[in-house]
There are 2 protein chains.
Amino acid sequence: MAAGRAPAGRRRVSRRALLGAGGLAALAGAGAGAGAATVAALGSGDEGPAPAVVPFHGPHQAGILTARQSHVRLAAFDLGARTDRGRAAALLRRWTSAAEHLARGEAVPPGLEPPGSRSVETGVLADSSPARLTLTFGLGPNFFDRTGLAAARPEALTPLPAFPEDQLDPARGDGDLLVQLGADDPFVTTHVLRVLQRLAHGEAKLRWTMTGFTAADGRRNLMGQVDGTNNPDPARALLDGPGVPTWLAGGSYVVIRRIRMLLDHWDGLPLPHREQALGRRASDGAPLTGGAERTPVDLAAVRPDGVPVIATNAHVRLAAPASNSGATMVRRSWSYHDGPRGDGTPDAGLLFLAWQPDPRTGFVPVQNRLSRGDALSRYLVHEASALFAVPGGVRPGEYVAQALLEG
Amino acid sequence: MAAGRAPAGRRRVSRRALLGAGGLAALAGAGAGAGAATVAALGSGDEGPAPAVVPFHGPHQAGILTARQSHVRLAAFDLGARTDRGRAAALLRRWTSAAEHLARGEAVPPGLEPPGSRSVETGVLADSSPARLTLTFGLGPNFFDRTGLAAARPEALTPLPAFPEDQLDPARGDGDLLVQLGADDPFVTTHVLRVLQRLAHGEAKLRWTMTGFTAADGRRNLMGQVDGTNNPDPARALLDGPGVPTWLAGGSYVVIRRIRMLLDHWDGLPLPHREQALGRRASDGAPLTGGAERTPVDLAAVRPDGVPVIATNAHVRLAAPASNSGATMVRRSWSYHDGPRGDGTPDAGLLFLAWQPDPRTGFVPVQNRLSRGDALSRYLVHEASALFAVPGGVRPGEYVAQALLEG
């Protein structure tokens, strides 16, 4: 994340504060248009806290360009054996309706639940602000086969190739549907996932979940590295222009990798060794070729003895766009720590999310290089992997991927 | 938590903000006395954010009376086979020194690590505020046997009896040493646990960890209940007076129960059923006998047909001090959600922490009543249990439990 931005926690606004600031309409059942207007008004002051409501509607799904929240829950669902195109559409319609309410901090109204189910609303979030909740939905490669839409599956949505050194757990990867829930309050993401799961009853089953967080100021990962420097403009991850199917216009592709860090090993390395593996200074993230965090890395610099200052296998060298024909990946990642593993080492690392217009020219070539000799990779284990197409944004009255399912 | 208190997130102060506000001394290596003074100065304004530094030193350990933070990591350690009284003392001395630095937001200085180990400091928190970090240490019943101090083990520190319906996993309960890490930033608690674990290398092994969070406004649990109403003054949990050993003066006992909620079952119940099980209104936590959240429950009220308004098996009736000879328990609990279990149901519930001057007259009689017919208990599974004595506070130059280990 950018240096100097406010810690995520300071963005929080209580429901009470929001009401006091005139946000009643945004929380108490107003239509989507009114909600958005209120948010704009609340967000107009540069000095005040950022608004707690991120509009669900728009040209892109929220959660791609949105400034990263402090907490995330990722979940993948698999469609049931009897779920066809019509029933998948009904599920996405239910999820969309619920998302509209939840993002505004409203209760999910009765009637949304699957036929024969009880109301999904138990008031758990009655006192909670939505805390910048975003709900982002994606479609896995298999979604298209399962719904009779194989012909509509984009070429770019081909399952990722195997990479050297991958140690993937299939049970924690892939999936027919993705839900990315970001918020500045883990209580919100936790309960919202539960609501979506209940709305999927009979149609889709939870396949895996992952839980992540950032440091309050969002700068470092659990290896202690300043992370996210030189991230491209997030808008470069979005799809547009001729050849992009209607349902995907304004959308993106996201690659998710659960990357465990071998922290016991890493933390025992001398500082210069850790800095060489990355190619940046641990203290402030500046390149080893000098300057400050945002100074461009000088990949050509050599020491007097002719040895490159940035090692030939340094992460910044192998991951640099210059080394990868300008491959674009917008990283929007979270740390995770799920306690000790069976062998006592930490089950901790990075939920790496890379957003891009085409994984075949983005993640795939970069990871092919990194997995063949990147110095940092020795201390990382890619444990789970998934790829999803993320449909474009939703207008009021529409539902996610409607143009695909009714096309 | 009390109604109307500020959401935990709003208490956060960035390291940068703290430095700007003149808090440099508190962060940059000043002595403990200076640090505490700075905190007092920073905290003097009613309108400003609460200070990010909770003093480690004082008559009680921090993390008992401290307003609950938004995140917690609990961990238990077991002493190694060769760890005797002297080595246990050395470990507590290392942990205490590290805690003094970490609570002030300082790097852990070199030299604290166990002999032969590398520095534990890798700069992970270099940009982070301590975010009200508290480090609270406790001793399990077995600690005393393992260190040749069996004669000094208080009567009250007897392992808890088995309760009906317990489904305890021994691997996730008990332990020789407790560490409770609270902060308003999960990145801080995560890394601090790692530092303590590395400082324990060769002496104590991680036995279990648990991770919890609150809603930003801290009021509800994952069942949707307003929680913590009628919590006694936390100071009532503290030990004092004649008969209390020196090392325990100003200390307390803490019972930890990992209580899984059968949310799939619970959420499907009709609202009146859920309210009867608790004895309070779901919407605002008011007793079913009327009034507001803090109105005393009228346990004697009957309906015209003679049926008690608060059911005979309602949780508020069976848990009420009036039903338990005035038993004192100060609850300071967190929600947890570790994803789906193998059977697809949520691995979610409450990390219930009860602080008390004597578990034999506090938790034990109350839980005996609750586990024999409490209506809420049908939807709860007690999965792990632990009891620790929490020594009194530490003065500069001392270490936790010094009076016990050198007594």
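The table for this structure:
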| read-out | value |
| --- | --- |
| Label-reachable residues, the range B:265-281, where backbone N falls under 17 Å from a point 7 Å from B:Ala301's Cα toward its Cβ | B:272-281 |
| Calculated on alpha-carbon atoms, Rg and Dmax of the range B:142-229 in Å | 16.9, 46 |
| P(r) of the range A:288-407 over all Cα-Cα pairs, binned every 10 Å from zero, in whole percent | 10, 29, 30, 19, 9, 2, 0 |
| Estimated D of the range B:69-159 in µm² per second, where Rh is the Kirkwood radius over Cα pairs and Stokes-Einstein applies at 10 °C, 1.306 mPa s | 104 |
| Spin-label model distance (nm) - B:Arg369 vs B:Ala403, 7 Å beyond Cα toward Cβ | 3.3 |
| Per-copy distances of the A:Val307 label point, shortest first, in nm (7 angstrom along Cα→Cβ) | 8.3 |
| Kirkwood Rh, Cα atoms: Rg over Rh of the range A:100-146 | 1.09 |
| Which of A:Leu112, A:Gly140, A:Leu92, positive extreme of dipole for the range A:52-169 (C-beta unit charges) | A:Leu112 |
| Once the Cα gyration tensor of the range B:247-340 is diagonalised, semi-axes √(5λ) in Å | 27, 22, 11 |
| Backbone HN-Hα couplings from phi across the range B:99-104 [Karplus 6.51/-1.76/1.60, Hz, Gly and Pro as x] | 4, 4, 6, 5, 5, 8 |
| Intensity falloff of the range B:119-176 expressed as log10 I(q)/I(0), Debye formula with alpha-carbon point scatterers, at q = 0.14 Å⁻¹ | -0.69 |
| Viscosity 0.692 mPa s, 37 °C: Kirkwood-radius Stokes-Einstein D of the protein assembly as shown over Cα pairs, µm²/s | 118 |
| Histogram of C-alpha separations across the range B:47-198, 5 Å bin width, % | 2, 8, 17, 19, 19, 16, 11, 6, 3, 1, 0 |
| Estimated FRET transfer efficiency (B:Asp145, B:Asp169; beta-carbon r; R0 25 Å; 0.05) | 0.65 |
| Positive minus negative residues near B:Gly111 (Lys, Arg vs Asp, Glu; Cβ under 15 Å) | 0 |
| B:Ala81-A:Ser283 pseudo-label distance in nm [points 7 Å out on the Cα-to-Cβ vector] | 4.5 |
| Sites B:Glu293 and B:Leu269, calculated FRET efficiency, Cβ-Cβ separation with R0 30 Å, nearest 0.05 | 0.90 |
| Built amide H within the under 5 Å cut-off of A:Leu380, gap 5+ | A:Leu262 |
| Taking the range B:212-302 and dividing mean pair separation by its residue count, relative contact order in percent (alpha carbons under 8 Å, at least six apart) | 20 |
| Label point 7 Å beyond Cα along the C-beta direction, distances from A:Pro245 to other copies (nm, shortest first) | 7.1 |
| q = 0.11, 0.16, 0.17 Å⁻¹, the range B:170-329: log10 I(q)/I(0) [Debye, one scatterer per Cα] | -0.67, -1.16, -1.22 |
| Charge context of A:Ala282, other residues only, Cβ under 10 angstrom, K/R +1, D/E -1 | +2 |
| Theoretical ellipticity at 222 nm over the protein assembly as shown - DSSP helices of four or more residues, -39500 (n - 2.57) apiece, nearest 500 | -6000 deg cm²/dmol |
| Average projection area in nm² (convex hull over Cα atoms of chain B, one quarter of hull surface) | 20.7 |
| For A:Ser117, label point 7 Å along C-beta direction: distances to other copies, nm | 4.8 |
| Summed residue charge, Cβ within 14 Å of B:Pro365's Cβ, Lys/Arg positive, Asp/Glu negative | +1 |
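Bear in mind these aren't lab numbers, they're just calculated from the coordinates by the rules spelled out. This is a predicted model, so every value here is computed, not measured. Positions of Cβ are backbone-derived with ideal geometry, glycine not excepted, and every protein chain shown enters the neighbour counts.
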